[in-house]
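These notes are about the structure you will find just below.
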Amino acid sequence: AFAKNRLNKFYNPKLYKAAPKVELTEAERITVNMGGTAPPTPPPGGIAGTGISALVQVSAHSQEAPAPPPATWGAYQKRSEESNGVIAMVDLLI
């Protein structure tokens, strides 16, 4: 969910969900207005504070030569913003 939301921010902004704003108490607002620092927010935990609890990498090794590339059928055309190829690849990994 975290990675898909970050990808949506760039590839599909219509589906991006921004993080909720933190509401400061009156005392904290006074402290910030007087030049102090805002109170720390609780860390999300996980790996490097991302909220992700496990990072797994799976790979397969092969000694055979790759097949030749397939023939193409026309000139390149840029897709619109609704293209979700990268996000679909992440879905395959999850």
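The values are calculated or read from the model by the stated rules, or taken from the named source; none is laboratory data. Keep in mind it's a predicted model, so treat the numbers as computed, not measured. Here the Cβ is made from the backbone with ideal geometry for all residues, glycine too, and neighbour counts use every protein chain on show.
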Only unsatisfied item for A3, checking (1) at pLDDT below 90; (2) over 30 Å from M89 (Cβ atoms); (3) of a type in the set (A, V, I, L, M, F, W, C); (4) not in a loop (DSSP other than H, G, I, E, B), is (2)
Being exposed (fewer than 10 other Cβ atoms within 10 Å of the Cβ), farther than 30 Å from L24 by Cα, at pLDDT 70 or above and under 21 Å from the mean Cα position of the chain (by Cα) narrows A75, A65, A71, A54 down to just A54
Those residues of segment 25-42 which are surrounded by 10 or more Cβ atoms within 10 Å (Cβ to Cβ) and either outside any loop (DSSP other than H, G, I, E, B) or modelled with pLDDT under 70 (or both) amount to E28, R29, I30, T31, V32
